[in-house]
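Heads up: the structure comes next, in structure tokens.
The values are calculated or read from the model by the stated rules, or taken from the named source; none is laboratory data. None of these values were measured; they are calculated from a predicted model. Cβ sites come from the backbone with ideal geometry, for glycine too, and all protein chains shown count toward neighbours. The area values use the complete protein model at the heavy-atom level, side chains included, leaving out ligands, DNA and RNA. Shrake-Rupley method; radii C 1.70, N 1.55, O 1.52, S 1.80 Å.
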Amino acid sequence: MHNYEAVRRIMLATNKLDGVYYLFAKRHSVNENTLAFLYALSDGQLHSQKEISDEWIIPRTTINSIVKTMLAEGYIQFAPEQHTKEKNIVLTIKGQQYADDLFADIFKAEKKAIAGTLENFSPEFITALEDFGNRLFDELQNISREDQN
């Protein structure tokens, strides 16, 4: 049985989330893919272009263009001491300051929104949404492979 209404509600909710970040990016004159790229790096961890592309579903050519621009502007650098093909990227001090300034309002809003949501719902909703997203991605990949055969 296809639960169209449940899937539709999830799609509307995720579309609203995407829209919030799109409007935020637009308001701050930042491309939405650049916003996602900076968000990925804002956790302070090392990330490769491939990893960001795969996790955030942004084409590698787009990520590569963002990297070139952000390197030139001094916002990112490649992490030293790497012996792999995929170089990890980190924010520079200038880039961290830019990200901190850019994300101050959105992080504040996210903190309040998630606190209110977690008061009303179990944290399991996050796991469930991740599971649904992963399953849907996998199913659509399988359909694409079947269509190619």
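What to note about this one:
- A single member of Leu17, Leu71 is farther than 22 Å from Gln97 by Cβ and free of Cβ contacts under 8 Å to residues at least 12 places away in the same chain, and it is Leu17.
- Count - residues of the stretch 64-88 that are of a type in the set (Val, Ile, Thr), at pLDDT 95 or above and either surrounded by 15 or more Cβ atoms within 10 Å (Cβ to Cβ) or outside any helix (DSSP H, G or I) (or both): 3
- Scope the stretch 83-131; condition under 18 Å from Arg9 (Cβ atoms) and of a type outside the set (Gly, Ala, Ser); matching residues: Thr117, Asn120, Phe121, Glu124, Phe125, Ile126, Thr127, Leu129, Glu130, Asp131
- Long-range neighbours under 9 Å by Cβ, at least six apart or interchain, first residue open to solvent by 50 Å² or more (accessible area, probe 1.4 Å) within the stretch 101-114, second among the small types (Gly, Ala, Ser): Phe107/Ser42
- Selected residue (criterion: surrounded by the most Cβ atoms within 10 Å (Cβ to Cβ)) from residues of the stretch 15-63 that are among the small types (Gly, Ala, Ser) and under 19 Å from Tyr75 (Cβ atoms): Ala36
- When we screen Ile126, Ile143 for residues that are surrounded by 12 or more Cβ atoms within 10 Å (Cβ to Cβ), part of a helix (DSSP H, G or I), β-branched (Val, Ile, Thr) and without any contact (Cβ under 8 Å) to a residue 12 or more places away in the chain, the only hit is Ile126.
- When the stretch 89-100 is filtered for residues that are more than 17 Å from the chain's Cα centre (by Cα), open to solvent by less than 60 Å² (accessible area, probe 1.4 Å) and of a type in the set (Val, Ile, Thr), only Thr92 remains.
- Scanning the stretch 19-63 for residues that are over 21 Å from Ile93 (Cβ atoms) and part of a loop (DSSP other than H, G, I, E, B) yields Ser29, Asn31, Ile57, Ile58, Pro59.
- Within this structure, Arg60 passes the test of being free of Cβ contacts under 8 Å to residues at least 12 places away in the same chain, touching a helix residue (DSSP H, G or I) at 6+ places or on another chain (Cβ under 7 Å) and not polar (S, T, N, Q).
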